[in-house]
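The values are calculated or read from the model by the stated rules, or taken from the named source; none is laboratory data. Note that the structure is a prediction, hence the values are computed from the model and not measured. Cβ: placed from backbone, ideal geometry, glycine included. Neighbour counts: every protein chain shown. These area figures cover heavy atoms from the full protein model, side chains too; ligands, DNA and RNA do not enter into them. Shrake-Rupley method; radii C 1.70, N 1.55, O 1.52, S 1.80 Å.
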Amino acid sequence: MSVAEQLENSGQPEKAVERKSKVIGKDITVHYGEKQALFDVNLAIPEHQVTALIGPSGCGKSTFLRCINRMNDVIDGCRVGGELTVDGVDIYRSNIDVVELRARVGMVFQKPNPFPKSIYDNIAYGPRIHGQASGRGEMDEVVETSLRRAGLWDEAKDRLEEPGTSLSGGQQQRLCIARAIAVNPDVILMDEPCSALDPIATARIEELIDELRERFTIVIVTHSMQQAARVSQRTAFFHLGVLVDEGETDQIFTNPKDERTQDYITGRFG
Amino acid sequence: MSERTKQRYAAERRFRLYGLAAIGAAVLVLATLVTSIGIVGMPAFFQTYIKLDVTVDAADVESGRFRQLTFDAVYAFHPEVTDRREKKRLRGIVSSGADREIRLAVADDPSLIGTTFPIWVRSSDDIDIFIKGQVSRDLPQEDRRVKDNEIAWVDGLVEQGRVETRFNFSFFSTGDSREPEQAGIWGAVVGSFFTLCVALAVSFPLGVLAAIYLEEYAPQNRWTDLIEVNINNLAAVPSIVFGLLGLAMFLNFFGMPRSAPVVGGMVLALMTLPTIIIATRAALKAVPPSIREAALGIGASELQVVTHHVVPLAMPGILTGTIIGMAQALGETAPLLMIGMVAFIVDIPQGIFDPSTVLPVQIYIWADSPERAFVAKTSAAILVLLTFLVCMNAIAVMLRKRFERRW
């Protein structure tokens with residue numbers, strides 16, 4: 001099935017089909033035990049763009065995000081149906097190794113969660129377990145590159161041996177981003193990465209997300225519609241487990257097709 | 001201030017007072033206990049010695065007549081005593097192990113052979129107690145074990161400066177004995193050490209692995225629920241039941257050696273397992289899920305998440321639980337009685353297969369002995385046991401403080 005058909009299925013205009021889709025979800029359903037959390041979601045995520053998933057709490061946006069690197073696997077009683085491909089490969093086929101998948105699809109969480117280890121070890125951990133760097137010299141390089149890309153190098157270069165938890169909240173979140181990009185993934189998933197940060201730290205992370213777009217495909221879940229408008233090129237609106245509306249961010253915010261989207265972005269519910 | 005506010009303040013004050021009273025009572029009871037044990041046990045750390053002048057010649061050494069030599073040296077104090085029973089009393093002033101001390105001294109320094117030399121030997125336990133002032137001179141003679149003539153002899157020796165009370169080093173270096181003045185605690189300490197080593201070696205890996213599996217891997221279903229309930233129940237099983245199990249299984253079925261630390265350790269390991277499993281599971285549960293997610297998110301396998309992150313972070317809790325379990329095992333008596341560790345053993349055990357006893361059982365044995373001097377020994381052994389327990393708990397606290405991490 002071509003990308004164009006994919007997007008047609010979810011009722012999108014032709015205009016969006018300029019970039020190759022990195023991640024394509026087709027008829028994704030998710031059950032937590034008896035409760036169904038996602039209903040037949042069809043969503044294509046284009047390469048080298050930021051796609052924002054918005055919607056009120058409990059709408060399934062985080063659930064969809066966590067499907068992309070199979071983080072839902074660790075939740076007892078969670079079943080995923082449908083077909084979810086990354087680079088054309090169905091990641092829910094049984095012969096897919098989930099460890100390799102997660103090295104290609106990195107994740108940044110809501111609350112900064114550095115390991116209680118040194119800043120250096122926080123970043124080096126991923127490359128180390130995946131055997132991506134041999135020798136101290138190469139590892140130093142990986143750590144420096146990752147910290148530079150995450151915009152943390154200048155602040156952290158003199159304190160690499162200090163624990164990651166000694167950094168401020170915003171720095172910790174950038175450390176987590178550096179940790180995620182250290183294993184050189186294709187896709188980075190961000191689950192409300194700024195919800196625990198102050199506005200200044202948030203602004204820095206947003207700048208960073210914009211820079212990272214060049215190298216990575218980014219999917220971000222956010223509660224803040226302003227943030228979605230600022231950082232994303234595409235936006236998908238979820239409501240009660242259904243993908244209601246999806247398209248270019250400008251179009252979603254200025255001219256939403258669905259009434260529910262209109263109501264949500266104008267603050268009538270949420 | 002309104003009436004309600006006043007009442008609220010009064011209630012708070014009362015509540016704080018109740019708490020203070022409870023703590024005060026606990027401290028008072030503990031202090032009384034330790035002080036009374038300390039007062040009773042303190043004399044056991046000291047021992048009365050009597051200076052003898054012994055003449056040893058080559059022929060005595062050849063025939064090993066040290067016992068007779070000792071008697072002769074004591075008789076020499078009072079040549080006027082000739083009655084056979086009186087002579088027996090007289091030589092009873094010194095310990096029945098005195099001849100051994102003389103033999104060792106001669107073996108140590110052969111130049112003493114053929115000379116008369118002074119040597120300090122232990123007094124018997126009755127005289128020891130009398131010197132320490134635990135026998136009242138005002139009692140009628142028939143009510144005390146130290147008779148009038150013995151008192152006269154000892155007083156004479158004291159006047160001559162032949163009686164001295166010294167720190168009882170050998171209490172910490174010898175095994176058990178039927179003679180209180182020769183009994184020491186080292187055999188029991190070594191036995192306890194071996195037993196705990198076995199218990200630790202068996203229960204730590206088993207307990208930690210079981211806990212990791214149950215906490216990190218096991219699916220939530222009826223079987224795991226059943227196992228969990230049973231582990232919790234196991235923690236409440238009376239310890240003597242484990243002793244019976246050990247007797248039936250390890251001794252009777254597998255034919256393992258009686259009274260040996262290897263069996264004692266295994267029985268105590270069974271007893272400690274639930275403690276370790278419960279503590280380890282609690283420690284694993286306390287590791288924040290965000291750390292697991294972080295590791296999983298960059299592609300760590302489940303095993304890597306557990307070994308690289310969860311277990312290291314849970315280690316202080318695991319170690320604390322283990323040490324507390326070990327401290328419990330150190331104080332355990334009942335199950336060891338069932339597998340024969342209550343035997344009277346003089347030798348210091350050399351390995352985990354040698355017959356031995358342990359500290360709490362040694363306390364039990366001494367508490368059961370009729371000699372009056374064992375009362376002090378019992379309390380002294382309790383003090384030693386308490387010291388070990390306090391040390392172990394202190395280590396647990398230190399480990400927790402040292403490895404505590406914040407996130």
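Observations, loosely collected:
- Of the chymotrypsin sites (Phe, Trp or Tyr not before Pro) found in segment B:284-390, those that fall in a DSSP loop while having at most 13 other beta-carbon atoms within 10 Å are B:F344.
- With both residues required to sit in segment A:122-270, DSSP beta bridges show an antiparallel share near 55%.
- Taking 10 °C and 1.306 mPa s as conditions, segment A:54-203 diffuses translationally at an estimated 97 µm²/s according to Stokes-Einstein applied to its Kirkwood radius (Cα pairs).
- Once the Cα gyration tensor of segment A:13-110 is diagonalised, semi-axes √(5λ) in Å: 21, 17, 13
- A Cα-only calculation for segment B:43-167 places Rg and Dmax at 15.0, 47 Å.
- Residue range of chain B that is longest and free of GluC sites (Glu not before Pro) which are both DSSP loop and sparsely packed (at most 15 other C-beta within 10 Å): B:81-403
- What the phi angles of segment B:319-334 give under the Karplus curve with 6.51, -1.76 and 1.60, with θ = phi - 60°, is a coupling list of 5, 4, x, 5, 5, 5, x, 5, 4, 4, 5, 4, x, 7, 10, 3 Hz, glycine and proline written as x.
- Surface burial for B against A, with a 1.4 Å probe and both sides summed, reaches about 1700 Å² of accessible area.
- Cβ neighbours within 10 Å from other chains - mean over B:286-297: 6
- Proximity of backbone amide H atoms, modeled 1.01 Å from N, is registered between B:G114 and B:V56, B:D57, B:A58 at under 5 Å, excluding neighbours fewer than 5 places apart on the same chain.
- Of the trypsin sites (Lys or Arg not before Pro) in segment B:156-249, the ones in a loop by DSSP (not H, G, I, E or B) with at most 12 other beta carbons within 10 Å are B:R178.
- With Cα atoms as the point set, chain B shows a radius of gyration and Dmax of 29.2, 101 Å.
- Each principal axis of the Cα atoms in segment B:186-403 has its own extent, and those three values, largest first, are 69, 40, 29 angstrom.
- Given R0 = 41 Å, the distance between the Cβ atoms of A:W153 and A:L240 translates into a calculated FRET efficiency of 0.45.
- The length gained by stretching the chain between B:S36 and B:R100 to full extension, at 0.36 nm per residue less their Cα-Cα distance, is 19.6 nm.
- In the frame of its principal axes, segment B:1-74 has Cα extents of 100, 18, 12 Å, reported largest first.
- Once both labels are positioned 7 Å from their Cα atoms along Cα-to-Cβ, the gap between B:F167 and A:Q132 label points is 6.3 nm.
- The mean number of partner chain beta-carbon atoms within 10 angstrom of a residue's beta-carbon across peptide A:111-122 is 4.
- The protein assembly as shown: C-alpha gyration tensor shape, a/c 1.5 cut-off, then a/b vs b/c: prolate
- Distance between segment B:325-346 and segment A:102-132 - C-alpha centres, whole angstrom: 49
- Shape index of segment B:191-276: Rg/Rh, with Rg the Cα radius of gyration and Rh the Kirkwood radius from the inverse mean 1/r over Cα pairs, equals 1.03.
- Using just its DSSP H runs of length 4 or more, each adding -39500 (n - 2.57), chain A gives a mean residue ellipticity at 222 nm of -10500 deg cm²/dmol after division by all residues.
- Those lysines that a straight Cα-Cα span of less than 23 Å connects to B:K377, excepting residues fewer than 8 apart in one chain: B:K132
- With at most 13 other Cβ atoms within 10 Å, longest stretch of chain A clear of loop GluC sites (Glu not before Pro) (DSSP): A:35-160
- Rounded to 5, percent antiparallel among DSSP beta bridges of the protein assembly as shown: 70
- Across segment B:201-212, rounded Karplus estimates of 3J(HN,Hα) from the backbone phi angles (6.51 cos²θ - 1.76 cosθ + 1.60, θ = phi - 60°) give 4, 7, 7, 5, x, 4, x, 5, 5, 4, 5, 4 Hz, Gly and Pro being marked x.
- Cα-based Lys pair tally, chain A, threshold under 19 Å, eight or more apart or on separate chains: 6
- Each residue of segment B:375-389 was assigned a 3J(HN,Hα) from its phi angle through the Karplus expression (A = 6.51, B = -1.76, C = 1.60, θ = phi - 60°), giving 4, 5, 4, 4, 5, 4, 5, 4, 4, 4, 4, 4, 4, 4, 4 Hz with x at Gly and Pro.
- Residues B:L206 and A:E211, FRET efficiency given R0 of 41 Å [Cβ-Cβ distance, rounded to 0.05]: 0.20
- Here r is the Cβ-Cβ distance between B:A235 and B:K88 and R0 is 56 Å; the resulting FRET efficiency, rounded to 0.05, is 0.50.
- Amide H contacts under 5 Å for A:A37, placed H, 5+ residues apart: A:V30, A:H31, A:Y32
- Scattering curve values for chain A, log₁₀ I(q)/I(0), Debye with Cα scatterers, q = 0.11, 0.12, 0.14 Å⁻¹: -0.61, -0.72, -0.97
- Dipole in debye (nearest 20) - chain B, about Cα centre, beta carbon charges: Lys, Arg +1; Asp, Glu -1: 1820
- Distances between placed amide hydrogens fall under 5 Å for A:C78 paired with A:G33, all partners being 5 or more residues away or on another chain.
- Taken residue by residue and averaged, Cβ atoms of other chains lying within 10 Å of the Cβ of A:172-184 number 1.
- In nm, spacing of pseudo-spin labels at B:T55 and B:R145 (7 Å Cα→C-beta vector): 3.3
- For segment B:186-403, the carbon plus sulfur part of the accessible surface works out to 70%, probe radius 1.4 Å.
- Chain B - mean residue ellipticity at 222 nm from DSSP helices (-39,500 (n - 2.57) per run, n ≥ 4, rounded to 500): -19500 deg cm²/dmol
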